[in-house]
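Take a look at the structure below.
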Amino acid sequence: MMKFWGYRRPDGKVGIRNHVLILPASVCASDTTRIIASQVEGAISFNNQNGCSQVPPDMKLTMDILAGYAANPNIYGTVVVSLGCEGCQMDLVVDAIRQRTNKPLKTLIIQQEGGTIKTVEKGVRYAQEMVQEAALLRREEFPVSELILGTNCGGSDPSSGLGSNPLVGSLSDRLVGMGATSVLCETTEFLGAEHILARRAVNKQVHDKIYDIVYQYEESLKMIGQEIRSGNPSPGNIAGGLTTLEEKSLGCIHKGGESPINAVYEYAEPMKTGHGLVIMDTPSNDAASVAGLIAGGCQLVVFTTGLGTPTGNAVAPVMKITANKNTYQTMKDNLDFDASHVIYGPETLQEITEDFLHDVIEICNGKLVKAEALGYIETAISRACNYM
């Protein structure tokens with residue numbers, strides 16, 4: 001059985017990174033967490049633009065991302081920083097995290113600490129202590145069945161549907177066959193192909209849920225007088241040669257391979273290991289979709305692109321692949337795997353899948369992807385409506 005080297009957490013999950021997360025409860029705490037993380041090697045943070053002035057459904061989406069990031073297996077422990085008067089109050093954030101994990105947790109409220117400098121001073125101390133504790137952990141060997149692999153695509157062109165997405169689908173089938181969980185997402189890019197996915201559902205509940213999430217997405221936009229096709233395919237997709245959303249969807253769903261679909265998860269909902277191929281209901285926005293996957297527990301995301309993209313995430317590696325030969329040459333700074341051989345040969349898909357799987361395992365074992373080496377940490381969170 002294929003294995004990788006990771007870190008066992010007290011909640012039983014296995015991470016492939018060993019970060020300490022400085023977590024901003026709201027936009028008002030984001031600069032403070034950035035300053036703290038910048039002063040402690042091994043600590044990470046990100047810009048949270050939400051956390052206040054949100055209606056309850058939107059605040060829940062934000063809370064699910066915050067709690068999910070803290071619970072992600074790649075995180076050793078978390079220092080939560082809040083302003084003190086935001087919607088995502090500290091007690092609510094802590095409770096949401098504790099519902100998902102029992103890992104180390106510290107809290108700081110800027111208004112109670114007496115301002116930014118005092119909060120940063122204490123936050124740096126907390127972070128340093130956690131980083132020192134995390135450094136005592138050693139990687140252990142685990143079966144691939146402990147992995148939850150996220151799949152995503154962005155900046156697509158015809159090479160995505162012809163090459164890189166089928167390769168990811170082949171990888172997905174290989175991992176599922178070894179007991180792992182693989183996640184297909186980007187609900188708006190199922191449109192026109194939802195019936196193909198629904199036929200692969202393991203039961204009627206999953207079958208109906210696939211149709212339901214697509215319908216709900218269309219209806220949510222119709223409520224404000226908009227149509228999905230007014231923004232998808234994107235200008236870049238169209239310039240790359242995609243003509244319709246249905247054409248894009250037929251390429252997108254290749255990332256799910258041929259395995260049966262066992263479940264449909266809500267955005268950022270905790271996912272199970274050993275669950276085979278599943279779907280998460282996410283938008284097609286790259287950063288927001290990736291955030292949902294990682295908050296749901298993905299230790300690694302493989303991301304296909306035809307035109308090239310620098311997308312990354314602070315919590316988990318985002319591995320970029322392309323089957324466009326020209327893009328791979330011009331965007332080498334950002335791309336991790338050349339999948340053009342799927343289209344042009346001479347290797348078979350099976351042979352390329354083995355090479356791809358080898359690279360994925362190396363990343364699980366600690367090899368940095370380009371987005372990690374460059375320090376990409378952008379996060380977006382799915383939303384239901386405007387700020388209050």
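Among the candidates 272, 367, 325, single out the residue that is of a type outside the set (Phe, Trp, Tyr), surrounded by fewer than 17 Cβ atoms within 10 Å (Cβ to Cβ), without any contact (Cβ under 8 Å) to a residue 40 or more places away in the chain and closer than 30 Å to residue 66 by Cα. Can you show your working first?
On the way: 272 fails: without any contact (Cβ under 8 Å) to a residue 40 or more places away in the chain; 325 fails: closer than 30 Å to residue 66 by Cα.
Result: 367 is the single residue among 272, 367, 325 that is of a type outside the set (Phe, Trp, Tyr), surrounded by fewer than 17 Cβ atoms within 10 Å (Cβ to Cβ), without any contact (Cβ under 8 Å) to a residue 40 or more places away in the chain and closer than 30 Å to residue 66 by Cα.
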Which count do you get for residues in the stretch 332-360 that are surrounded by 17 or more Cβ atoms within 10 Å (Cβ to Cβ) and either under 22 Å from residue 289 (Cα atoms) or β-branched (Val, Ile, Thr) (or both)? 8
Can you tell me which of 95, 58 is within 21 Å of residue 297 (Cα to Cα), without any contact (Cβ under 8 Å) to a residue 24 or more places away in the chain and either of a type in the set (Asp, Glu) or surrounded by 23 or more Cβ atoms within 10 Å (Cβ to Cβ) (or both)? 95
Output the residues belonging to the stretch 61-87 that are more than 27 Å from residue 12 (Cβ to Cβ) and touching a residue at least 60 places away in the same chain (Cβ under 8 Å). 86, 87
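Filter the stretch 121-161 down to the residues that are assigned to a loop (DSSP other than H, G, I, E, B) and at pLDDT 95 or above, then identify the one that is nearest to residue 173 (Cα to Cα).
Residues of the stretch 121-161 assigned to a loop (DSSP other than H, G, I, E, B): 135-139, 147, 154-157.
With the extra rule that they be at pLDDT 95 or above, the set shrinks to 135-139, 147.
Details: 135: 35, 136: 35, 137: 32, 138: 30, 139: 26, 147: 13 Å.
It comes out as 147.
Got a number for residues in the stretch 188-204 being free of Cβ contacts under 8 Å to residues at least 60 places away in the same chain and assigned to a loop (DSSP other than H, G, I, E, B)? Steps first, please.
If we filter the stretch 188-204 for residues that are free of Cβ contacts under 8 Å to residues at least 60 places away in the same chain, which is where we start, we get 191-192, 194-196, 198-199, 203-204.
Those left that are additionally assigned to a loop (DSSP other than H, G, I, E, B): 191-192, 199, 203.
The qualifying residues number 4.
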Residues (in contact with a strand residue (DSSP E or B) (Cβ under 8 Å, 6 or more places away or on another chain) and within 26 Å of residue 61 (Cα to Cα)) located in the stretch 96-122: 97, 98, 103, 104, 105, 106, 107, 108, 109, 110
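Hey, any hits in the stretch 162-178 for a residue that's within 22 Å of residue 37 (Cβ to Cβ) and either touching a His at 6+ places or on another chain (Cβ under 6 Å) or among the acidic types (Asp, Glu) (or both)? Quick ask: steps written out before the conclusion?
Restricting attention to the stretch 162-178, the residues satisfying the condition of being within 22 Å of residue 37 (Cβ to Cβ) are none.
No, the stretch 162-178 contains no residue that is within 22 Å of residue 37 (Cβ to Cβ) and either touching a His at 6+ places or on another chain (Cβ under 6 Å) or among the acidic types (Asp, Glu) (or both).
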Taking the stretch 90-103 and keeping residues in contact with a helix residue (DSSP H, G or I) (Cβ under 6 Å, 6 or more places away or on another chain) and not aliphatic (A, V, I, L, M) leaves 100, 101
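To keep it simple, each residue is scored yes or no on (1) more than 19 Å from the chain's Cα centre (by Cα); (2) buried (at least 22 other Cβ atoms within 10 Å of the Cβ).
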| site | (1), (2) |
| --- | --- |
| 8 | yes, no |
| 14 | no, yes |
| 42 | yes, no |
| 51 | yes, yes |
Sort through 107, 78, 101 and tell me the only one that's at pLDDT 95 or above, under 26 Å from residue 298 (Cα atoms), of a type in the set (Val, Ile, Thr) and part of a loop (DSSP other than H, G, I, E, B). 101
Selection from the stretch 328-344 of residues hydroxyl-bearing (Ser, Thr, Tyr) and either free of Cβ contacts under 8 Å to residues at least 60 places away in the same chain or farther than 21 Å from residue 171 by Cα (or both) yields 328, 330, 344
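The values are calculated or read from the model by the stated rules, or taken from the named source; none is laboratory data. On a predicted model such as this, the values are computed, not experimentally measured, just so you know. Neighbour counts are summed over all protein chains in view; Cβ atoms, including those assigned to glycine, are modelled from backbone coordinates with ideal geometry.
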